[in-house]
1. Please list 226-236, 54-64 highest first by mean number of surrounding beta-carbon atoms within 10 Å per residue.
2. Determine the percent antiparallel among the DSSP beta bridges restricted to region 1-156, to the nearest 5.
3. Roughly what would the spin-label model give for residue 170 and residue 155, points 7 Å off Cα along C-beta, in nm?
4. Using 1/(1 + (r/R0)^6) with R0 = 30 angstrom and r between the beta carbons of residue 63 and residue 267, what's the FRET efficiency to the nearest 0.05?
5. Calculate, for residue 96 and residue 200, the FRET efficiency according to 1/(1 + (r/R0)^6) with r their C-beta to C-beta distance and R0 22 Å; round to the nearest 0.05.
6. Separation between the residue 23 and residue 4 pseudo-spin-labels, each 7 Å from Cα along Cα→Cβ, expressed in nm?
7. Quote the FRET efficiency, to the nearest 0.05, computed for residue 260 versus residue 31 with a Förster distance R0 of 35 Å and r equal to the Cβ-Cβ distance.
8. Considering only C-alpha atoms, what is the centroid distance from region 259-291 to region 94-160, in Å?
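A short reminder: the numbers here are calculations on the coordinates, not readings from a lab. Just so it is clear, the model here is predicted, and its values are computed rather than measured. Here Cβ is always computed from backbone atoms with ideal geometry, including for glycine, and neighbour counts include all displayed protein chains.
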Ligand code: ZN
């Protein structure tokens, strides 16, 4: 059931930049987003509406969101929100789709958002009730493994999907937040998920921490999954593994899929120009493969 078309959602301006300590000037962030739009991305996660004290890098969330929404009315810009307050700020900035994160591991959820999983679901329900016209996406973080507990049982992921659908989320992504998923595990998890929820589409958010990112994409594609989040240059890192590779790199993903005759709608050369710009302007190690091939 291999797909012939994939949807790639670019998350570098949020997941990638969030992991960089030194503040990236708003103007530079906007230029990166320009490059991503010009490369053909139809959906880009541009920022996170978090408290600026928690993540100072995202203190320009409102300005970024408002600027790009006005400039590119035909592109979908999404944002991450941790709570109702963030959802309200995103909504007031013109964002139409938000991502909300709950970890499959209780310990990781506590560490990440200082709430129990149950409290996080209550927060999600609150957002759903309050903002009925926002598209609401749930990211199930650590769906394939947790830095504290190790492997996460598939039954836990299935249970969370059930709760989220009852609340009325529009769609769900499974995230390998710390990059531990292996292809066999991804295949088995997706089969269990598709078995229980055959009429729903799911997406994957993968990290390449241990070099298994694209192998996991391949396994997902073979099971009919066609929506992936990735970051230009492979930015993203992992707070629990300093120096580790980040998200799967968008340019590596586009290159692999296009060579397999799976269309992405992304212009690879323009995307590589954008990663070159990131490399030049932002002090961070790009861990993507194509990003590190010398083209000069
Ligand atoms: Zn990520």
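1. Numbers: 226-236: 28.2, 54-64: 18.3.
Going by the mean number of other Cβ atoms within 10 Å, highest first, we get 226-236, 54-64.
2. 5 percent
3. 3.4 nm
4. The pair residue 63/residue 267 has a calculated efficiency of 0.65.
5. Values: r = 21 Å, r/R0 = 0.93.
Efficiency at R0 = 22 Å is approximately 0.60.
6. About 5.0 nm separates the two model spin labels.
7. On the way: r = 31 Å, r/R0 = 0.89.
For R0 = 35 Å, the calculated efficiency reads 0.70.
8. 29 Å
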